[in-house]
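One structure is given here, and the rest of the page talks about it.
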Amino acid sequence: MALLSSLVLQVHAQSVPQLGHDPIEKVIAAMTLEEKATLVVGYSHRRPQNALPGGAMIGQTEVKVPGAAGNTAAIPRLGIPSMVLSDGPAGVRIQPIRKGDSTHTYYATAFPVGTLLASTWDPSVVETVGRAFGNEVKEYGIDILLAPGVNIHRNPLNGRNFEYYSEDPLIAGTMAGAFINGIQSNGVGTSIKHFDANNQETNRTSINEIISQRAFRELYLKNFRIAITNSHPWTVMSSYNKVNNTYTAERHDLITTILRDEWGFKGFVMTDWGGGRDWTAEMNAGNDLIMPGSPNQTQAIISAVKHDSISMKMLDLNVAHILNIILKSPSFKKYAYSNQPDLKAHAVVSRKAATEGMILLKNDQQTLPINPAVKKIAVFGNASYFTIAGGTGSGDVNKAYVISLAQGLSNAGYQPDPELQNSIIQFVKDTTAKIKAATPKYHWPAPTPEMIASNSVIAQKATDCDLALITIGRNAGEGSDRNLETNYNLLPGEKQEIKEIAHSFHAKGKKVVIVLNIGGVIDMNDWKDNADAILLAWQPGEEAGNAIADMLSGKVNPSGKLATTFPMHYDDVPSAKYFPGTPAGNPTEVIYKEGIYVGYRYYDSFKIKPMYEFGYGLSYTTFSISGLKLSSTVLKGTITATVKVKNTGKVAGKEVVQLYVTAPDKSIDKPLQELKAFSKTKLLQSGEVQTLTFTIKAADLASYHTDGAEWITDAGKYLLKAGASSRDIRQTASFGVTKTIVTEKDHNVLKPPFPVDELKAPAR
Ligand code: BGC
């Protein structure tokens, strides 16, 4: 019997090539057109059984991980398993309870959002998060995580900015690369997204973004390029939007010429869920996989091949890209996942990362860390009790818990005022229930309004308590952008309450601390002066309250810095006039007239003072940055800079040194300065010194010249500035480039349909 079955197996193996045993070309040669068309379209559980002609049993797969965003099709005949794809950037997003059985749960760790991770300015922290997170991906039976999101913070109202990292492509790309390296060290894949220029949610599936080739190359492609070349993600997700008239998923120049030919990407490209319109064009562009997939897409591809609008060669190439990744996947390796990742250990990683990325924005008269004599705290603000771990939509996580700020304070030994606590919790519960009851079916309920304490309550608390703490909470997510009036700005009631709290507490000689529990930049004009200290906690994941208490108490010294500017006024934002496009109300097109002048590149070049500049962040100690030395006064391939950082204060802390370069602007207009390198010190004890080293290559200094599609480093004098922020430069040095260098010649692609009338910085 045993002999017979092994003979049968041998015959089977000989007649039907098997993935992993036979070369991929052989497996592809054995595939029918239907099988190929099935593999390049995701397997949706909504797909009717036997959807293919003749009732072929291909592409069948069981629901392996409930709540995962998608699956690829299995073709058991050829030994091709299905892969599981799951969101998202802040933690694994799957169903936590299956079949009503709450004795076995599938919760995932909520890590801090991307904007906080970027604010650490420490890729090693982000990689550590990635390693823990990737373990959950693997142990929950997932093959590919649909993250990170690396889109540039072009405008603060983008509803998904919290998922993304920065306004600067070097920070965004470096952090995303570290994240991918961490996740993929577990033997699972990532999907860096959304390629490209998915910089707004308003009409995201139809908006046509008109972008110059230079802005693409210097900002919106550079972020992806850095991440992809540093970390080799298994997959890339194209975006929903069009760029320069064509859906990104349908652009051969983007997905094949740039991504594969120029950057050497070897994985596969998938659409965003339901992205694009023309599946034939997507296949021909090199968008290998259509997600989440439907039988009519498979049929369309079969028919396109039969009618020669997709060549078999193209289809085979797309199939090969997918099979190469399947070979590496845990599903292919039949990894026996436990469904029991170490959530306790990962909560520790989440809390630590959160403390590395929180930013101390203001700290008058050393209000923070909280004076040890302070015990009773009047804790205002809904978000103090319902602290926001992360944003909404596919970037949300089904976490087991969120430690509220009030809970975190109690855990740290403080006493949040119980009366305030009870009344705010009750108010939020009642109001949310009322709003839900009044919301029509299938509509999102409106956000719960802030509970505004009465003046008499505030006065009472100023007598009873030692300190006032107010949390300002803001949330947003996939599908819509933030509203300027109600989300970016504080509402009149909120501002009035802050004023009243400041008035009452200051009258009694007591301090007011404000914590910002937000996913994106907000307006700070009308209330900033009322606070003695402001901690930007972002959306810090499930350990939120504990991590915030770590900062407020001084257990951890803040070392985060802004990776995105807080402008003085929304109208100062260079894209404010063009966002989210025209016609107003229901835009179809958005023209990036600000060109390369996004974030600090704009504020610095046009001398606009921000509220808090790029790279800004305070500490409980002070640092000196001195002794900037260059390896040479002339660039010879690379130049190395060293700088000494000394902790000149009383407590241990970490400093981030940022290297900005002012390049000669004779051949083309250039930003006043651009970030070229950065480094964070270890924890320096009082008086301790560390030397940081930075290396810059000729290519790092180049600008993109559209005529000729070339990156050029001009001859001339380069000013190198080492600072604690983009506007707190402590050391400068200069070096020369003796002759102009063309560092790279690219394909002349992604042309806008008409010349973009772009902003240009004044000549210096
Ligand atoms: C989002 C992606 C996400 C996908 C799967 C889309 O709507 O834009 O970021 O990965 O859904 O959930």
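The values are calculated or read from the model by the stated rules, or taken from the named source; none is laboratory data. Keep in mind that this is a model prediction, so the values were computed, not measured. As a convention, Cβ positions derive from the backbone with ideal geometry for all residues, glycine included, and neighbour counts pool all protein chains shown.
Numbers for the structure displayed
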item: Residue that is closer than 25 Å to GLU688 by Cα, under 23 Å from the mean Cα position of the chain (by Cα) and at pLDDT 95 or above, where the choices are GLY615, GLY595, GLY627; result: GLY615
item: Filtered residue count, region 166-195, keeping only those that are over 27 Å from LEU327 (Cα atoms), out of contact with any strand residue (DSSP E or B) (no Cβ under 8 Å at 6 or more places or on another chain) and not in a helix (DSSP H, G or I); result: 2
item: Search result, residues across region 88-141 that are in contact with a Gly (Cβ under 8 Å, 6 or more places away or on another chain), under 17 Å from ILE359 (Cβ atoms), more than 16 Å from the ligand (Cβ to nearest atom) and in a loop (DSSP other than H, G, I, E, B); result: PRO112, THR120, TRP121
item: Every pair of residues 6+ apart whose Cβ atoms lie under 6 Å, when the first sits in region 144-163 and is under 22 Å from GLY187 (Cβ atoms) while the second is of a type in the set (D, E, K, R); result: LEU146/ASP87
item: Test for ALA110: is it buried (at least 24 other Cβ atoms within 10 Å of the Cβ) and within 18 Å of TYR165 (Cα to Cα); result: yes
item: Checking TYR240 against (1) aromatic (Phe, Trp, Tyr); (2) away from the ligand (no atom under 16 Å from the Cβ); (3) surrounded by fewer than 24 Cβ atoms within 10 Å (Cβ to Cβ), the condition it does not meet; result: (2)
item: First in region 386-408 and β-branched (Val, Ile, Thr), second anywhere and within 16 Å of the ligand (Cβ to nearest atom) and part of a loop (DSSP other than H, G, I, E, B), Cβ under 6 Å, 6 or more apart; result: VAL397/ALA90; VAL397/GLY91; VAL397/ARG93; VAL397/ALA108
item: Filtered residue count, region 69-83, keeping only those that are more than 16 Å from the ligand (Cβ to nearest atom) and either in a loop (DSSP other than H, G, I, E, B) or without any contact (Cβ under 8 Å) to a residue 40 or more places away in the chain (or both); result: 6
item: Single residue of region 384-403 satisfying the filter (over 11 Å from ALA544 (Cβ atoms) and among the aliphatic types (A, V, I, L, M)) that is nearest to the ligand (Cβ to nearest atom); result: VAL397
item: Region 474-489 residues that are under 18 Å from ALA389 (Cα atoms) and in contact (Cβ under 8 Å) with a residue 12 or more places away in the chain, paired with ones that are within 16 Å of the ligand (Cβ to nearest atom) and in a helix (DSSP H, G or I) (beta carbon under 8 Å, 6 or more apart); result: ALA476/ASN161; ALA476/PHE162; GLY477/PHE162; GLY477/GLY393; GLY477/GLY395; GLU478/GLY393; GLU478/SER394; GLU478/GLY395
item: Meets criteria (part of a loop (DSSP other than H, G, I, E, B) and buried (at least 23 other Cβ atoms within 10 Å of the Cβ)) for ILE310; result: yes
item: Of residues in region 268-288 being touching a residue at least 60 places away in the same chain (Cβ under 8 Å), touching a helix residue (DSSP H, G or I) at 6+ places or on another chain (Cβ under 6 Å) and part of a loop (DSSP other than H, G, I, E, B), the one nearest to the ligand (Cβ to nearest atom); result: GLY275
item: Criterion: surrounded by fewer than 19 Cβ atoms within 10 Å (Cβ to Cβ) and at pLDDT below 95 - qualifying residue of ASN324, ASN371, ASN296; result: ASN296
item: Only listed residue being farther than 30 Å from LYS555 by Cα, touching a Leu at 6+ places or on another chain (Cβ under 9 Å) and in contact (Cβ under 8 Å) with a residue 24 or more places away in the chain, chosen from LEU659, LEU618, LEU672, LEU635; result: LEU635
item: Of all residues in region 150-165 being under 14 Å from LEU116 (Cβ atoms) and part of a loop (DSSP other than H, G, I, E, B), the one that is farthest from the ligand (Cβ to nearest atom); result: HIS153
item: Test result for GLY479, touching a Gly at 6+ places or on another chain (Cβ under 8 Å) and of a type outside the set (S, T, N, Q); result: yes
item: Residue list for region 390-428, restricted to those being among the acidic types (Asp, Glu), in contact with a strand residue (DSSP E or B) (Cβ under 9 Å, 6 or more places away or on another chain) and within 20 Å of MET451 (Cα to Cα); result: ASP417
item: Conditions (1) modelled with pLDDT of 95 or more; (2) assigned to a loop (DSSP other than H, G, I, E, B); (3) surrounded by fewer than 21 Cβ atoms within 10 Å (Cβ to Cβ): number failed by ASP526; result: (1)
item: Which listed residue is free of Cβ contacts under 8 Å to residues at least 40 places away in the same chain and either in contact with a strand residue (DSSP E or B) (Cβ under 6 Å, 6 or more places away or on another chain) or within 30 Å of THR205 (Cβ to Cβ) (or both), from ALA468, ALA446; result: ALA446
item: Enumeration of residues in region 100-136 that are over 13 Å from PHE179 (Cα atoms) and among the acidic types (Asp, Glu); result: ASP101, GLU136
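Quick grid of which residues meet (1) more than 16 Å from the ligand (Cβ to nearest atom); (2) in contact (Cβ under 8 Å) with a residue 40 or more places away in the chain; (3) over 24 Å from the mean Cα position of the chain (by Cα):
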residue: ILE290; (1), (2), (3): no, yes, no
residue: ALA300; (1), (2), (3): yes, no, yes
residue: LEU323; (1), (2), (3): yes, yes, yes
residue: LYS328; (1), (2), (3): yes, yes, yes
residue: PHE332; (1), (2), (3): yes, yes, yes
residue: SER350; (1), (2), (3): yes, yes, no
residue: ASN382; (1), (2), (3): yes, yes, yes
